[in-house]
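Down below is the structure, laid out as C-alpha cells.
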Amino acid sequence: MADLVERVLKEAAERESHYKTIEVHKDIELEIDPGNLLTVDTNPLDATKLKKNREEYLKSLARDNTQLLINTLWQLPTEKVDEAIVVKLPDPKTPIPREKPVPKDKALTKWQQYAQLKGIQKRKKSRMMWDDQSKEWKPRWGYKRGNDDTQEWCIEVPDNAEDPNVDLFAKKNKEKKERVAKNELQRLRNIARSQKSKVPGVGLTPTEAPSKDYLGKALALARKSTASIGKFTDKLPTEKPSKHTGKKRKFEPNYGDVERESKKQLKILNHIQNRIPIVNTTKAANRHIMEEQRSRARRRREEDGGKQKGGKNKGGGGKKKGGFKAGKKGKAGGKKR
Amino acid sequence: MRPLTDEETKSFFDKLSKYIGENIKLLLERPDGSYCFRLHRDRIFYVREDLMKKAGNISRKNLLSMGTCFGKMTKTGKFHLQITALDFMAPYAKHKIWLKPSAEQQFVYGHHVMKSGLGRITENTSQYEGVVVYSMNDLPLGFGVAAKSTQDCRHADPMTLVAFHQADIGEYIRNEEALL
C-alpha cells in the first residue's frame, strides 16, 4: 500500500520534471490584460544572454510571459462546455483605436417617425401573391405583377362620367407616372432632411460615391448650366456627345400623304443617280489610252517600214471589237511590242 | 410601323440601286396602285397603301409581316438585302449572270460562283457590281456581287471565283427563321 503510493508519487514527480516550473519570477510585475490576451513585459533585457544565444533567450522569455498569462487565465471562473474547459474572458482594458469614425445614426424618414409615434409594426409581405383572375401565383410588385390596373384590356366608362370621350387607358398611365414621380420626390425630401440640404427641382442630389452614369448626367447638366443654356460651351477634343441630351426622334406619320412621301423618295433617288457619273470614266480612259497606243504603233511602223523595206505597211492596228475590251487588249498588245 | 427617315431611305436606295439602278422609280410609281416602303421591327416592307392602312390596326407586337420584306436595317443604319426581295429585283436587274446546270446546286447551297460554272454574263459588268443570278432557263436563283469584270472573266482560269454569293432561293429552307 505504501509502496503503491510511493510509486505513483515518484512517477508524477518524473512527469513533472520534464516540464518547466509554472512559477516565474519577474523583477517588475507584468501588465496583463486577459480581455485582449495581452501581456506587456517592461523588464529590461539581459544584454549578455542576448549576445550569447539570442534565440534561446527570447524563446525562454516568451515562454515565461505566456506562462504568467495562462496563470491569470486559470484564476478566472471556468466552465465545462462539451468536454472542454472554457474560461470567460473579462472586458478588455486596453482601448484599440478605430479605423473609421463611429457612424452617425440615420435620421428617421417621415414614415418611420409616424410609425414610431403610432406604434405600427412592420409586417413582411411575401413576393408571390395568388391571383384569382389568372389562377396562378404572380409577384406582388414589379415585372409581370398580378393585379396591375395599367394592363387592363377593357375599362368600362362609368355612367356618371363627366366626359365619355376621355381616354381611360391614358388616364391610368398618367396617374401611375404621377404616383412614381411623387414617390421619387418624397424619397429625395427624406434624403434632403437627413443631410440638411435642399431638394433640387431639376438636377441631381449629391452622393458620396458617384457612379459613371451619375457623372455623365452631372457633366451634361454642367454644360447646360450657363446663362445661355449651354449654347456657347466649348467641347473638349475627345468629348463624345452626351446620351442624356438631345432631341427626341420624330418620325413622319404613318398614314401621311403617300404622294409627298414618294416625291421625297424620288428626290433622294435622283441625288443618288447624280452621284454616279453617266459617262463611264474607266471606259473613256481606256479608249483614250488605246487610241494613243495605236497612233504610236502606227508611227513606229512607218519609220521601220521606211528604213527596212521602203513602204510596205504591215497591216493596220488591232481590229476594233468593242471599245472596252479593245482598250485592254490594245494596252496589252502595246506592251508586247 | 413607320415610314423611312431620310438617312434610312438613302442607305436603302444605295443598296438597291447597286442591283436595279434607276429602276427603283418603277417600284415607287406603279400604274396599278400606290405602293410604299414601311419600316417595322427593323425590316423594310414594300406594301400597297390600302394594305398598309389595314395593317396599321394590328399592334406592333402582333404584326409579323406585310407586303414583301425587302431586307433589314441594322442597328448602325446599314441595309442588308434579303432573298425575299428577289421577285422585285429579277425583272429590273441591270447585270445578270447565268449559271450552268452543274453549278446551280452549288450556288443554291450557298457557295460562290466559279468560272467553271459560269454560263453567260451581261456585257459591261464592272468588278464588284451587283448581279442577279439566273439558271439557264431564265429562272432567278438569287443575287450576288461580281468578283471580276466581264473582261477579266474571259481570261480567268476555271477555278477562280467569278461572283460572290449574297442570297439564294435555298435560303428559304436553310435560313427560314432569319427571313422573318
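Can you tell me which residue among B:Gly130, B:Gly142 is among the small types (Gly, Ala, Ser) and within 14 Å of chain A (Cβ to nearest Cβ)? First the steps, then the outcome.
On the way: B:Gly142 fails: within 14 Å of chain A (Cβ to nearest Cβ).
That would be B:Gly130, the only listed residue that is among the small types (Gly, Ala, Ser) and within 14 Å of chain A (Cβ to nearest Cβ).
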Being within 30 Å of B:Ile173 (Cβ to Cβ), outside the structural domain of B:Ile169 (by TED's automatic domain parsing) and among the β-branched types (Val, Ile, Thr), is that true of even one residue in region B:65-74?
-> yes
Among the residues of region A:273-290, is any loosely packed, with under 12 Cβ neighbours inside 10 Å, assigned to a helix (DSSP H, G or I), in contact with a strand residue (DSSP E or B) (Cβ under 9 Å, 6 or more places away or on another chain) and within 14 Å of another protein chain (Cβ to nearest Cβ)?
-> no
How many of the residues in region A:250-267 are acidic (Asp, Glu) and within 32 Å of the chain's Cα centre (by Cα)?
-> 0
Restricting attention to region A:130-165, which residues are more than 19 Å from A:Lys176 (Cα to Cα), of a type in the set (Lys, Arg) and assigned to a loop (DSSP other than H, G, I, E, B)?
-> A:Lys135
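Residues B:Gly110, B:Gly130, B:Gly170, B:Gly142: which one is surrounded by 15 or more Cβ atoms within 10 Å (Cβ to Cβ), on the phi > 0 side of the Ramachandran plot and either within 19 Å of the chain's Cα centre (by Cα) or among the hydroxyl-bearing types (Ser, Thr, Tyr) (or both)? Please lay out each step first, then the result.
Numbers: B:Gly110 fails: surrounded by 15 or more Cβ atoms within 10 Å (Cβ to Cβ); B:Gly130 fails: on the phi > 0 side of the Ramachandran plot; B:Gly170 fails: on the phi > 0 side of the Ramachandran plot.
When all the criteria are applied, what remains is B:Gly142.
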Look at A:Lys124 and say whether it is modelled with pLDDT of 90 or more and in a loop (DSSP other than H, G, I, E, B).
-> yes
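Which is within 14 Å of another protein chain (Cβ to nearest Cβ) and under 31 Å from the mean Cα position of the chain (by Cα), of A:Lys235, A:Lys247? Lay out the reasoning, then the answer.
Numbers: A:Lys235 fails: within 14 Å of another protein chain (Cβ to nearest Cβ).
Selected residue: A:Lys247, the only one of A:Lys235, A:Lys247 that is within 14 Å of another protein chain (Cβ to nearest Cβ) and under 31 Å from the mean Cα position of the chain (by Cα).
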Quick count over region A:220-241, residues being surrounded by 11 or more Cβ atoms within 10 Å (Cβ to Cβ) and of a type in the set (Ser, Thr, Tyr), is 3
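Surrounded by 19 or more Cβ atoms within 10 Å (Cβ to Cβ), farther than 17 Å from B:Met89 by Cβ and in contact (Cβ under 8 Å) with a residue 24 or more places away in the chain: is that true of B:Leu16 in this structure? I'd like the intermediate steps shown before the answer.
Values: surrounded by 19 or more Cβ atoms within 10 Å (Cβ to Cβ): yes; farther than 17 Å from B:Met89 by Cβ: no; in contact (Cβ under 8 Å) with a residue 24 or more places away in the chain: yes.
No, not satisfied.
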Which residues, counting only those in region A:240-295, are of a type in the set (A, V, I, L, M) and out of contact with any Phe, Trp or Tyr (no Cβ under 8 Å at 6 or more places or on another chain)?
-> A:Val258, A:Leu266, A:Ile276, A:Ile278, A:Val279, A:Ala284, A:Ala285, A:Ile289, A:Met290
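Test A:Asn280 against the stated conditions and say whether it is more than 44 Å from the chain's Cα centre (by Cα), under 30 Å from B:Ser149 (Cβ atoms) and at pLDDT below 85. Give the derivation first.
On the way: more than 44 Å from the chain's Cα centre (by Cα): yes; under 30 Å from B:Ser149 (Cβ atoms): yes; at pLDDT below 85: yes.
Answer is yes for this residue.
Tally the residues that are surrounded by fewer than 10 Cβ atoms within 10 Å (Cβ to Cβ) and over 36 Å from the mean Cα position of the chain (by Cα), restricting the search to region A:120-140.
Of the residues in that region, 4 qualify.
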Out of A:Asn65, A:Asn36, which single residue is under 53 Å from the mean Cα position of the chain (by Cα), more than 30 Å from A:Gln195 (Cα to Cα) and in contact (Cβ under 8 Å) with a residue 60 or more places away in the chain?
-> A:Asn36
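Here's the yes/no breakdown for (1) free of Cβ contacts under 8 Å to residues at least 60 places away in the same chain; (2) surrounded by fewer than 19 Cβ atoms within 10 Å (Cβ to Cβ); (3) under 27 Å from B:Asp138 (Cα atoms):
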| position | (1), (2), (3) |
| --- | --- |
| B:Ile20 | no, no, yes |
| B:Gly33 | yes, yes, no |
| B:Leu39 | yes, no, no |
| B:Tyr46 | yes, no, yes |
| B:Lys53 | yes, yes, no |
| B:Ile58 | yes, yes, no |
| B:Lys61 | yes, yes, no |
| B:Thr74 | yes, yes, no |
| B:Gly77 | no, yes, no |
Out of all the residues in region A:39-71, which are surrounded by 14 or more Cβ atoms within 10 Å (Cβ to Cβ) and not in a helix (DSSP H, G or I)?
-> A:Thr39, A:Asp41
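Out of everything in region A:242-261 that is assigned to a helix (DSSP H, G or I) and in contact with a strand residue (DSSP E or B) (Cβ under 7 Å, 6 or more places away or on another chain), what residue ends up being surrounded by the fewest Cβ atoms within 10 Å (Cβ to Cβ)? Write out each step before concluding.
From region A:242-261, those assigned to a helix (DSSP H, G or I) are A:258-261; that's our starting set.
The next check asks that each one be in contact with a strand residue (DSSP E or B) (Cβ under 7 Å, 6 or more places away or on another chain); those that pass are A:258, A:261.
Working: A:Val258: 14, A:Glu261: 19.
Only one residue tops the list, namely A:Val258.
The values are calculated or read from the model by the stated rules, or taken from the named source; none is laboratory data. All figures in this text were calculated on a predicted structure; none of them were measured in a lab. So basically every Cβ, Gly included, is an ideal-geometry build from the backbone, and we count neighbours across all protein chains shown.
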